[in-house]
Amino acid sequence: MINRLTDTLDFQTQALTLRAERQRLIASNIANADTPGYIARDMDFASALKQATGALPIPGQMAATQRGHIQPTAGALSESGLRYATASQTNLDRNSVDMDRERASFAENSVKYEATLRFINSGMKTMMDAMKSPSQG
Amino acid sequence: MSMFKVFDISGSAVSAQSQRLNVVASNLANVDTVAGPDGQAYKARQVVFQTLLMGASGSAVGADPGDPVSASAGVRVSNISEDQTPGRKVRDPSHPAADAEGYVTYSNVNAVEEMVNMISSSRSYQNNIEVMNTAKSLLLKTLQMGQV
């Protein structure tokens with residue numbers, strides 16, 4: 001019963017975890033902008049979120065036919081869900097990091113991370129307001 | 001908490017870039033030297049970057065960049081290579097380091113290349129610092145979650 005209070009926040013929590021994960025991926029790409037042979041990686045956020053919330057099956061997930069079978073926890077991200085980026089301009093050292101694209105994704109991801117945080121905060125505020133007595137205003 | 005790993009990743013990149021900047025500085029300082037520590041003309045040095053895969057604890061795991069085991073990838077300097085092209089030769093018989101034919105061998109540093117290298121590495125350094133600052137401010141906002 002009590003978990004119904006936080007169930008509404010579950011979706012945003014998954015989204016926040018995935019945003020943090022994506023931030024780490026983009027940081028890796030920016031860090032390796034000068035490493036020869038490095039291939040930039042990114043995730044398909046929409047399908048990753050669908051997998052994390054259970055709307056889409058995680059690729060490579062095994063069927064659980066017995067009670068004792070281990071299943072990935074909610075929000076688990078499979079490595080196979082990561083995509084490799086192709087270089088927008090070819091170069092001799094086979095590095096496929098496009099700094100403009102990475103900077104843009106980084107800014108976009110940080111804004112959306114903050115937005116998700118704000119959704120969570122306002123969800124909690126709504127809940128707190130609902131719990132207050134009328135005299136508390 | 002994957003956001004904390006951003007500091008490991010960008011930190012490794014910043015230290016690799018500062019090592020690159022150090023090498024550029026020593027190359028530029030030696031652009032006109034005739035003899036290095038071994039008595040030969042100074043040879044230009046270049047850092048070689050390598051992807052450093054980080055495990056769950058933030059420590060380094062297998063160093064094959066094609067290995068998709070870990071999503072966080074830092075940078076390290078794998079080795080420093082010496083440029084083996086022959087140095088610049090200038091005829092100056094009165095110079096104490098001149099050879100039998102009167103030629104003095106200077107270092108093989110290309111000053112223009114080094115300046116470009118310097119600009120590139122300082123830009124990368126700034127980029128990584130910015131990544132860390134953004135991660136820091138996002139984490140601080142995450143700490144205030146729920147304090148409405």
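The values are calculated or read from the model by the stated rules, or taken from the named source; none is laboratory data. Quantities reported herein were computed from a predicted structural model and do not represent experimental measurements. Here Cβ is always computed from backbone atoms with ideal geometry, including for glycine, and neighbour counts include all displayed protein chains. Surface accessibility is based on the protein's heavy atoms, side chains included, excluding ligands, DNA and RNA. Shrake-Rupley method; radii C 1.70, N 1.55, O 1.52, S 1.80 Å.
Summary of computed values
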read-out: Yes/no for residue A:95 being polar (S, T, N, Q), assigned to a loop (DSSP other than H, G, I, E, B) and over 19 Å from residue A:44 (Cα atoms); value: yes
read-out: Selected residue [more than 9 Å from chain B (Cβ to nearest Cβ), buried (at least 19 other Cβ atoms within 10 Å of the Cβ) and within 30 Å of residue A:93 (Cα to Cα)] from A:52, A:40; value: A:40
read-out: Residue in region B:105-116 that is open to solvent by 80 Å² or more (accessible area, probe 1.4 Å), farther than 29 Å from residue B:24 by Cβ and not β-branched (Val, Ile, Thr) present; value: no
read-out: Residue ranges of helices (runs of 4 or more DSSP H) in region A:1-58 with at least 2 members charged (D, E, K, R); value: A:4-7, A:10-31
read-out: Unique residue being touching a Phe, Trp or Tyr at 6+ places or on another chain (Cβ under 9 Å) and at pLDDT below 85 when the list is A:6, A:53; value: A:53
read-out: Cβ-Cβ under 7 Å pairs, at least 6 apart or on other chains, region A:115-137 side within 11 Å of chain B (Cβ to nearest Cβ), far side open to solvent by less than 50 Å² (accessible area, probe 1.4 Å) and basic (Lys, Arg); value: A:116/A:19
